[in-house]
Amino acid sequence: MSRILDQRILLLVISFSASVQSTKVLSEWKKCGDPECEKAMSRVQATTDYLGPDCRYLNFKTGEEIMVYSKLSRKNENLWTGSKGKDFGYFPRDAVKVEEVLIGEEVEVLTKETDFLCLHEDKYTFE
């Protein structure tokens, strides 16, 4: 009985650690094409396959096109945000090459807590 309880506690700790990581703020600032971050900034093409560490990240295969909507700045400039079909999430900028720039000037804005939540089937997942 004690061993089962120990295993359940271990699973609970692992689950809690994963949920804390998946809601972690990746940067306090981001660059966008407009103050609301609604305009696409660029169109890029994947240069490698990418599988993100959690549900906040966009997974893709080499050659797929992605629309970029924001770029994290200051603390973590390596991550961009974009969409591929109905999928949306973060990805490393070095996994893509820019095919077309759609905006002339970037605007730096504060990130929001909702920028770092998982979105599944049109619902936010609060872990």
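Each value in this text was obtained by applying a stated rule to the coordinates, not by laboratory testing. On a predicted model such as this, the values are computed, not experimentally measured, just so you know. So basically every Cβ, Gly included, is an ideal-geometry build from the backbone, and we count neighbours across all protein chains shown.
Between V96 and T47, the built amide H atoms are under 5 Å apart, and every one of these is 5 or more places off in sequence or on another chain.
When only the Cβ of Lys, Arg, Asp and Glu is charged (+1, +1, -1, -1), the dipole of region 26-104 relative to its Cα centre reaches about 140 debye. Phi angles across region 83-95 convert, under the Karplus curve 6.51 cos²θ - 1.76 cosθ + 1.60 with θ = phi - 60°, into 3J(HN,Hα) values of 10, 9, x, 8, 8, 9, x, 8, 7, x, 5, 7, 9 Hz, Gly and Pro given as x.
3J(HN,Hα) along region 37-53: 6, 9, 7, 5, 8, 6, 10, 10, 10, 5, 9, 7, 6, 9, 10, x, x Hz, from the Karplus curve 6.51 cos²θ - 1.76 cosθ + 1.60 with θ = phi - 60°, whole Hz, x for Gly and Pro. Derived scalar couplings between HN and Hα for region 27-32 equal 6, 8, 10, 8, 10, 9 Hz in order, rounded to whole Hz, by the Karplus curve 6.51 cos²θ - 1.76 cosθ + 1.60 (θ = phi - 60°), x for Gly and Pro.
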